[in-house]
Amino acid sequence: MASAEPSRSFLPDAIQFLRKYWQRAGMLSALVLLPCFWHRHVEAGDLGSHVYNAWLAQLIEKGQAPGLYLHRQWNNVLFDWSLDPIARLIGFSAAEKAVVSACALIFFWGVFALLTAATQRLPWFLTPCITMLAYGYVFNMGFFNYYLSIGLACFSLALLWRGRGIDLLIGAALAPLVLLAHPLGFLWLAGALLYVKAWNRLGPWTRLSLPAGAMASVYAVRWYITHHPECQADWLPDPFYLYNGADQLALYGGRYITLAGAALLFGVFCVALDVWSRGREVSYWKPLRLLLELYLVSLWATSLLPESLRPSADAAWVGLLVTRLTIISAIFGLCVMNYLKPRKWHLAGFSAAAAVFFVFLYQDTSFVARLENHAEKIARELPYGTRVLTTIFAPPDSRVLFISHVVDRACIGHCFTYGNYEPSSKQFRVRVLPDSPLVTSMPDDTEDMGAGVYEVQDEDLPLKEIYQCDERDLTKLCIRDLAAGEKNGRIGYRPPQ
């Protein structure tokens, strides 16, 4: 295994890396992109909503989307801004694959660069782990603005970690792009950079103030949320230690949890063996201490923060915070792993785990692809402009919940999803005015529509519902007319409570 030797600047090391390993990097990039092309569409939860709203943005510009408008905002938009112009050139299907592929490569090589900067060692033996993380929970849920922000933040942090001169300029120049993608990625970048720089300036004992201060700050946030009634919060019921970063591999069912547990135990064994063989050296612990602190602080944060937060009664929920933030714990955990002395059996073990992971992922995304094929058949037969609600649920043991957004993508050019959550949430660039005929303007109604408990009003009609009509085959969809006074979700499959 080759190592990255310390140099005066990170950028020359990166150029030298590309010159020396361009063939290996090219082949590895091709392998990383395979899951983006193994189905006709990229099956990744909320991605269908992003593509559908990119189509709505084009209709808005043409004056063909009454009640909708584009709002100027400077965060949570970079993925959508990238998708829109490319879709105009090559169409939505090709644009989706192109932009998602770019995001996957940015994330993979961003994490690779950060691990290199943090440990001064090229993480070849961890490439199976980085690839699994690149296609983990955040990717499959379709949180692509957040996903892109984390990848860009990794590049920025890698440049700023030890960099000088041009490194600092490029790393700082990436920061606005991180914010454009998602504010959480920007907050992580700023917090991690401040921590690392302060840690390098403080003495051995005064450094203890850093983890103490970071943990106290997170606790203060929790105290504020729990002591202010205007803030509504939902907290994860599971023990905090289950959200250690390995949970990013838990996707469509229990077998992923088994695999994630096995990969975690293998990683812990690797660390324990390395500590046992090298831990007697005093010099061994100094670089490792910073990486361990960063991991433990991130674990502390995810243990105290709410899973979902509603800052006020009239605001939309900001959901799935902890389960998306654990990707940061996973990255810092890989930093710790990369400090180990690499061995061939490390690579063999993680490669075996990755092979099983991607077999599982292909099988489960094939299920979603079949669901989308059925949705497209229904949408193609609808008169243009038909309004639909979707009542589609993931299998009971799946953590990837947003499979109903395949109908959003299927509706492009055919129909309008009346329960489209993006405009009413006011968290995205497509916004809605009251009484729009294309989408509800009430966040609570959007929640009820997705849950199948919305009571249809006279002004909603005509309105159709696309639902799962065969409990033995959840990919089979049917469509029916809704009537005033009934609740959508009254007919069809509902997951057990």
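A few remarks follow.
- The loop-placed chymotrypsin sites (Phe, Trp or Tyr not before Pro) in the range 171-235, going by DSSP, that have at most 11 neighbouring Cβ atoms within 10 Å of their Cβ come out as 205.
- Surface composition of the chain: carbon and sulfur atoms hold 64% of the protein heavy-atom accessible area at a 1.4 Å probe.
- Rg [Å, one decimal], Dmax [Å, integer] - the range 110-221, C-alpha atoms: 15.0, 43
- Computed from the Cα positions only, the extents of the range 209-333 along the three principal axes stand at 57, 41, 18 Å, in decreasing order.
- Note on residue 426: accessible area approximately 140 square angstrom, rounded to 10, probe 1.4 Å, nucleic acids and ligands left out.
- Dipole magnitude for the chain: computed about the Cα centre from +1 point charges on Lys and Arg Cβ and -1 point charges on Asp and Glu Cβ, it is near 2540 debye.
- Helical mean residue ellipticity (222 nm; -39500 (n - 2.57) per DSSP H run of 4+; nearest 500) of the chain: -19500 deg cm²/dmol
- From phi via Karplus (6.51, -1.76, 1.60), per-residue ³J(HN,Hα) for the range 477-490 in Hz, x at Gly/Pro: 10, 10, 9, 8, 7, 9, 10, 4, x, 8, 9, 5, x, 5
- Rounded, prolate or oblate (a/c below 1.5 giving rounded, otherwise prolate when a/b exceeds b/c) for the range 304-404 by Cα gyration tensor: oblate
- Residues residue 284 and residue 479, FRET efficiency given R0 of 56 Å [Cβ-Cβ distance, rounded to 0.05]: 0.30
- Distance between the pseudo-spin-label points of residue 38 and residue 373 (7 Å out from Cα toward the beta carbon): 1.7 nm.
- For the range 283-380: relative contact order, % (alpha-carbon pairs under 8 angstrom, 6 or more apart): 24
- Mean separation of Cα contacts under 8 Å (6+ apart) over length of the range 128-180, as relative contact order %: 33
- Whole-Hz ³J(HN,Hα) from phi, Karplus 6.51 cos²θ - 1.76 cosθ + 1.60, for the range 181-194, glycine and proline x: 6, 6, x, 5, x, 5, 4, 5, 4, 5, x, 5, 5, 4
- Here's the picture: a label point sits 7 Å out from the Cα of residue 62 along the beta-carbon direction, and within the range 402-436 the residues with their amide nitrogen under 12 Å of it are 413-414.
- Highest mean packing comes first when the peptides 13-20, 354-361, 398-405, 463-470 are listed by Cβ atoms within 10 Å, giving 398-405, 463-470, 354-361, 13-20.
- Equivalent ellipsoid dimensions for the range 75-168 as semi-axes, Å, which come from the Cα gyration tensor, largest first: 26, 16, 11
- Among 34, 168, the order of accessible area from largest down is 34, 168, computed with a 1.4 Å probe on protein heavy atoms.
- Remark: the residue 494-residue 223 segment gains 93.9 nm on full extension, using 0.36 nm per residue and subtracting the alpha carbon distance.
- Å² per residue, accessible surface of the range 357-480 at 1.4 Å: 42
- Option label - mean projected area of the Cα convex hull in nm² computed here, alternatives (1) 41.7; (2) 23.8; (3) 32.0: (2)
- For the pair residue 318 and residue 198, label points projected 7 Å from Cα toward Cβ lie 2.1 nm apart.
- Here is the tail figure for the range 217-280: Cα pairs spaced more than 12 Å apart come to 77 percent of all pairs.
- Among the listed pairs 97/487; 20/341; 426/464; 97/341; 62/476; 197/426, those whose Cα-Cα separation exceeds 32 Å are 97/487; 97/341; 62/476; 197/426.
- Shape parameters for the range 1-126, alpha-carbon atoms, Rg then Dmax in Å: 19.0, 59
- At a Cβ-Cβ separation cutoff of 4.7 angstrom, cysteine residues of the chain with no neighbouring cysteine are 36, 103, 129, 154, 231, 270, 335.
- Heavy-atom accessible area, probed at 1.4 angstrom with all protein chains present, ranks 376, 471 as 471, 376, highest first.
- The DSSP beta bridges internal to the chain are antiparallel in roughly 65% of cases.
- Charged neighbours of residue 453, selected by a Cβ distance under 14 Å, balance to -4 (K, R count +1; D, E count -1).
- Heavy-atom accessible area ranking, 1.4 Å probe, most first, across 39, 346, 228: 228, 39, 346
- The three principal axes of the C-alpha atoms in the range 379-497 carry coordinate ranges of 39, 29, 29 Å, sorted with the longest axis first.
- Using C-alpha pairs under 8 Å with a sequence gap of at least 6, the mean separation divided by the residue count of the chain gives a relative contact order of 18 percent.
The values are calculated or read from the model by the stated rules, or taken from the named source; none is laboratory data. Nothing here was measured: the structure is a model prediction, and the numbers come from that model. Cβ coordinates were reconstructed from backbone atoms using ideal geometry, including for glycine residues, and neighbour counts include every protein chain displayed. Just so you know, the surface numbers come from the protein's heavy atoms only, side chains and all, with ligands and any DNA or RNA stripped out. Shrake-Rupley method; radii C 1.70, N 1.55, O 1.52, S 1.80 Å.
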